[in-house]
Amino acid sequence: MPDYKLECAVWELTLNCNLRCIHCGSSAGAKREAELNSEEAIKLCEQLKETGCLSVALMGGEPFLRKDFWDIALKIRELNMELSVITNGTLFDKDTFSRLKALSPRAVAVSIDGADSETHEFIRGVKGCYKKSWEFIEKALKEDLPLSVITTISKLNISNLPELSKQIAKRNIAWQIQTAGAEGARFPKEYLLDMEEFYSVGVFIENLRRKYSVEEMPVIGAHDLGYNSCYLKNVSLESKWNGCQAGISVIGIRSNGDILGCLSINDKRFVEGNIKERNLKEIWNNPGSFSYNRNFKMEDAGENCAGCGYLSSCRGGCSEMSWMKTGKLHNDLYCFYRIEEELMKEENIFAKFFYKLSKIKRSVKNKSDFSILKKIFLGERK
């Protein structure tokens with residue numbers, strides 16, 4: 001069995017949340033049953049280190065709702081693991097930003113889902129949260145924290161993208177754009193992006209990379225956006241999509257100690273074990289763990305990916321998108337390469353569009369640009 005290196009653990013510190021985001025895949029609000037107590041959480045930090053984990057991202061729910069947040073965050077740093085914090089940006093006091101800065105985090109990410117309060121607050125479910133989140137952003141910038149904004153796109157807010165880009169550009173903010181899924185109980189499927197809208201998000205990111213330098217607008221599409229486009233540069237943090245990393249280099253940790261390859265695959269069938277019952281290192285190194293990704297075979301691909309020339313490296317795209325859209329893994333319907341093939345068949349206008357797009361000079365020109373982009377998202381700012 002290959003020696004898998006755990007690069008990042010995404011830890012749902014609690015499912016408790018003060019907002020009610022319509023797109024939340026885990027339907028956060030109330031605490032999850034039997035959430036880890038402080039002692040168990042600190043023990044998990046030690047197990048992460050023993051397993052060789054390099055970085056930990058603390059999220060929720062809302063991570064600041066845990067009274068022991070600072071103890072857990074400090075323990076992660078004391079163990080010499082990188083720290084990222086993902087928050088809705090509505091819960092803070094006068095000491096929050098200096099305490100965050102003392103932790104030297106890799107990233108502090110705030111969710112902004114609209115270019116105005118009406119859109120953002122409809123999606124996030126609570127009046128007044130837009131102003132609070134931007135107040136958090138402004139205070140974090142003043143403290144020179146490595147700030148990121150995360151935007152989740154659906155039919156509700158895709159038209160907000162141009163205005164959002166103006167609010168974020170040239171402000172030393174790294175921007176991650178991702179698409180909404182329908183795993184949660186509050187999100188109607190009719191709000192999901194259709195194929196053309198999904199592709200247009202990739203075009204939008206491409207346009208930003210042509211309009212701005214990497215330093216002026218460090219923007220990426222998340223793991224659910226791609227792949228293998230004939231016309232667009234890879235829109236993620238890497239210059240090439242190397243397949244879903246669930247159980248390969250990343251894990252997701254639920255607040256009750258469940259271990260999954262990825263938190264976005266919100267299905268109990270993908271729980272590999274619980275740290276209350278088994279040591280994390282044992283779960284990670286078990287030959288049977290994460291078999292859907294670690295033991296992938298070409299014949300495992302679904303009908304959307306079978307026979308594709310990129311399959312051996314792509315392995316069927318994003319597991320979360322594939323499972324959510326088709327009920328199968330290695331079968332991602334929303335693949336740039338596949339979408340381009342479909343659109344090219346439909347009308348000559350698309351062929352003309354793609355031809356023009358292929359001739360446009362891009363700002364992300366080579367691997368050195370991706371290297372700069374990666375440094376920014378890993379906390380290295382000027």
Pairs where the first residue, in the range 174-189, is within 23 Å of Val235 (Cβ to Cβ) and in contact (Cβ under 8 Å) with a residue 40 or more places away in the chain and the second is assigned to a strand (DSSP E or B) and among the β-branched types (Val, Ile, Thr), C-beta under 6 Å, 6+ apart: Trp175/Val149; Trp175/Val219; Gln176/Ile150; Gln176/Ile220; Ile177/Thr151; Gln178/Thr152; Thr179/Ile153; Ala180/Thr152
Which numbered condition Asp116 misses (of (1) under 20 Å from Ile173 (Cα atoms); (2) crowded, with 19+ Cβ neighbours inside 10 Å): (2)
Contacts under 6 angstrom Cβ, first residue in the range 147-172 being open to solvent by less than 70 Å² (accessible area, probe 1.4 Å), partner aromatic (Phe, Trp, Tyr) and in a helix (DSSP H, G or I), 6 or more apart: Ser154/Tyr191; Leu156/Tyr191; Leu161/Phe204
Only one of Trp284, Trp241, Trp323 that is assigned to a helix (DSSP H, G or I) and closer than 29 Å to Ser200 by Cα: Trp323
Single residue of Glu46, Glu40, Glu78 found to be without any contact (Cβ under 8 Å) to a residue 12 or more places away in the chain and either more than 22 Å from the chain's Cα centre (by Cα) or more than 18 Å from Gln178 (Cβ to Cβ) (or both): Glu78
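Conditions (1) part of a loop (DSSP other than H, G, I, E, B); (2) under 14 Å from Ile137 (Cα atoms), marked per residue:
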residue: Ala73; (1), (2): no, no
residue: Asn80; (1), (2): yes, no
residue: Gly89; (1), (2): yes, yes
residue: Ser98; (1), (2): no, yes
residue: Ser104; (1), (2): yes, no
residue: Val108; (1), (2): no, yes
residue: Asp113; (1), (2): yes, yes
Every residue from the range 127-146 that is part of a loop (DSSP other than H, G, I, E, B) and surrounded by fewer than 16 Cβ atoms within 10 Å (Cβ to Cβ): Lys127, Gly128, Glu143, Asp144
Selection from the range 184-232 of residues that are in a loop (DSSP other than H, G, I, E, B), within 27 Å of Leu263 (Cα to Cα) and open to solvent by 50 Å² or more (accessible area, probe 1.4 Å): Ala185, Arg186, Asp194, His223
Hits in the range 1-20 (condition: in a loop (DSSP other than H, G, I, E, B), open to solvent by 10 Å² or more (accessible area, probe 1.4 Å), over 15 Å from Ala246 (Cβ atoms) and modelled with pLDDT of 95 or more): Leu15, Cys17, Asn18, Arg20
Leu260, sole failed condition from (1) in contact (Cβ under 8 Å) with a residue 24 or more places away in the chain; (2) open to solvent by less than 10 Å² (accessible area, probe 1.4 Å): (1)
Scope the range 133-163; condition of a type in the set (Ser, Thr, Tyr) and farther than 23 Å from Lys375 by Cα; matching residues: Ser133, Ser154, Ser159
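The values are calculated or read from the model by the stated rules, or taken from the named source; none is laboratory data. Because the structure is a prediction, the values reported are computed rather than measured. FYI the Cβ positions are ideal-geometry reconstructions off the backbone, even for glycines, and counts take in every protein chain you see. The accessibility values were calculated without ligands, DNA or RNA, using every heavy atom of the protein model including side chains. Shrake-Rupley method; radii C 1.70, N 1.55, O 1.52, S 1.80 Å.
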